[in-house]
Amino acid sequence: MKIKAQISMVLNLDKCLGCHTCSITCKNTWTNREGAEYMYFNNVETRPGVGYPKNWENQEKWKGGWSLDKSGHLALATGSKTNRLMKLFYHPEQPELTDYFEPWTYDYETLIHSGRKNNQPVARPRSLVTKQKMEVTWGPNWDDDLAGGEHARADVNLKKMGDHIVFDYEEVFMRYLPRLCNHCLNPACVAACPSGAIYKRDEDGVVLVSQDVCRGWRHCVPSCPYKKIFYNWETNKAEKCVFCYPRLENGLPQICAETCVGRMRYVGVVLYDMDKVEEMASTVNEQDIYEHTVDLLLDPNNPAVIDAAREAGISEAWLKAAQKSPVYKLVKEWKVALPLHPEYRTLPMVWYIPPLSPILQRVTSDVYLPDAHEMRVPVQYLANMFTAGNVETLSNTLQRILDMREYMRRRETNDEPIAHDVDLTEKQMYAMYKLLALSKYNDRFVIPTDIDMSQEGRQHMQHNRGFACPTGGCK
Ligand code: SF4
Ligand code: SF4
């Protein structure tokens, strides 16, 4: 057993407002400069929809992630090294700028310095790449709130469902999906880089691109199935989400998590067995990969795990953080968080609590809430996103959250608890309710730092750096 520590994030999709604060604070922090205008390390998509870049989930087109070769070994879906080198000057799986969007600004000078005229002056859009006037025809969030429209029908997850999805007004559904690099345990981007410029940090699992070593081959761009590596056209280097590692090193959560208006992000440490990563990623049945990824995560309260972690050089501060980790609870203890597209075999370390709402109260039975399969968002659609199509696993996940809600309603009204199919105790359901509904800053973000800093010290540092929480959540 070789124990490693990983910083991991959980996003509760029921609480995402689609406000895009996370995308904007990330952009202002990391990609607010030339060559990076089209990059959104964090973006928020409307589902059903095609996302950013367009149809990134269509791996028949992009060939991202891993597949199993004839002998059952992991192989990059983009092909062998020779194959990739042969595509150096013509690479049909490289996304183009139009797949993301052509970044633009507005001609504010004309607007501001216009002389007196009969007609009001306007600020025409100008390309940030060519500096010429342009027609805006697509953007990173073009189909915002338009689920059910023309773009929704191209959603790959719907296509896998056949014809039984209805876009009638009464049946249509819509959810938001915030996305960032998953800082995977088996990152395809790292394996694809011929220069060895991309690496996974030993101490916290953050995946980074060395700007000194990157030669701009761009093999990482198609290889990442989530399309979360970007090519900077000004520096000719690859760039990606850095999980805000300078903030993490100071005990602060990522800027997207800190500023999330819905308070739907949770950050914490998980411990895993590195020796088993390849075996788990090679699981033959792709519908079992999620369970096997969860199996990789180790119980931080198990004495044998604690001893092995100490032996592997994991500090007491990190061990303590792993024991208090909200991510461990949500992913492993209560099993309510799932990875996005586990079938890509990269073993993502960003997890999602699938959405329930809108919940309609039942009136015809003594059970307050509907069952998982009666949700408006089709279970099959969510299963295609989070469990490689495994409806049973997805339904069980939703049922755990529903049972917690049912339990809390009955507790409030002093009604008798009902029998549950899922294996959560009342104590666990109450703890889950507190974490999902009432949690404070320090419950949502448990970030170890070897600097022994007081809570006051942390807040002082936050405010000094201008990272004050806009919602007051840090108080
Ligand atoms: S999600 Fe991030 S770590 Fe995973 S393959 Fe893509 S860029 Fe690499
Ligand atoms: S800031 Fe939070 S609530 Fe707003 S879009 Fe991002 S993840 Fe959703």
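Listed values, structure above:
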item: Backbone N under 18 Å from the Trp233 label point (7 Å along Cα→Cβ), restricted to the range 91-122; result: 91-107
item: Ranked packing of 135-146, 325-336, most packed first, by mean Cβ within 10 Å; result: 325-336, 135-146
item: Full-stretch length increase - Gln323, Glu96 - with 0.36 nm per residue and alpha-carbon distance subtracted; result: 77.3 nm
item: The range 248-464, accessible area per residue, ligands and nucleic acids excluded (1.4 Å, Å²); result: 43
item: Separation between Cα centres of the range 41-73 and the range 304-336, rounded to whole Å; result: 30
item: GluC sites (Glu not before Pro) restricted to the range 2-56 and DSSP loop, no more than 13 other C-beta within 10 Å; result: Glu34
item: For the range 248-464, Kirkwood radius (reciprocal of mean inverse C-alpha pair distance, Å); result: 19.0
item: Length gained when the stretch Lys87-Asn28 is fully extended (0.36 nm per residue, less Cα-Cα span); result: 17.8 nm
item: Distance (nanometres) between label positions extended 7 Å along Cα→Cβ at Arg215 and Glu426; result: 6.5
item: Where the Cα pairs of the chain fall when distances are cut into 10 Å bins, in %; result: 4, 19, 29, 27, 14, 5, 1, 0
item: Using θ = phi - 60° and Karplus 6.51 cos²θ - 1.76 cosθ + 1.60, couplings along the range 250-256 (whole Hz; Gly, Pro as x); result: 9, x, 10, x, 4, 5, 5
item: Separation in nanometres of the label points that stand 7 Å from Cα toward Cβ, at Ser67 and Asp307; result: 4.5
item: Measure of compaction for the range 1-103 (Cα Rg per 2.2 N^0.38 Å); result: 1.37
item: Sulfur and carbon atoms: percent of accessible area, the range 248-464 [1.4 Å]; result: 47
item: Segment Arg116-Trp138, length gained on full extension (0.36 nm per residue, minus Cα span); result: 4.6 nm
item: Accessible area of Met1 in the full protein assembly, 1.4 Å probe (Å², nearest 10); result: 130
item: Estimated inter-spin distance, Asn414 and Met161, nm [label 7 Å along Cα→Cβ]; result: 4.3
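The values are calculated or read from the model by the stated rules, or taken from the named source; none is laboratory data. Quantities reported herein were computed from a predicted structural model and do not represent experimental measurements. Cβ atoms come from the backbone with ideal geometry, glycine included; neighbour counts cover every protein chain shown. Surface areas here come from the heavy atoms of the whole protein model, side chains and all, with no ligands, DNA or RNA. Shrake-Rupley method; radii C 1.70, N 1.55, O 1.52, S 1.80 Å.
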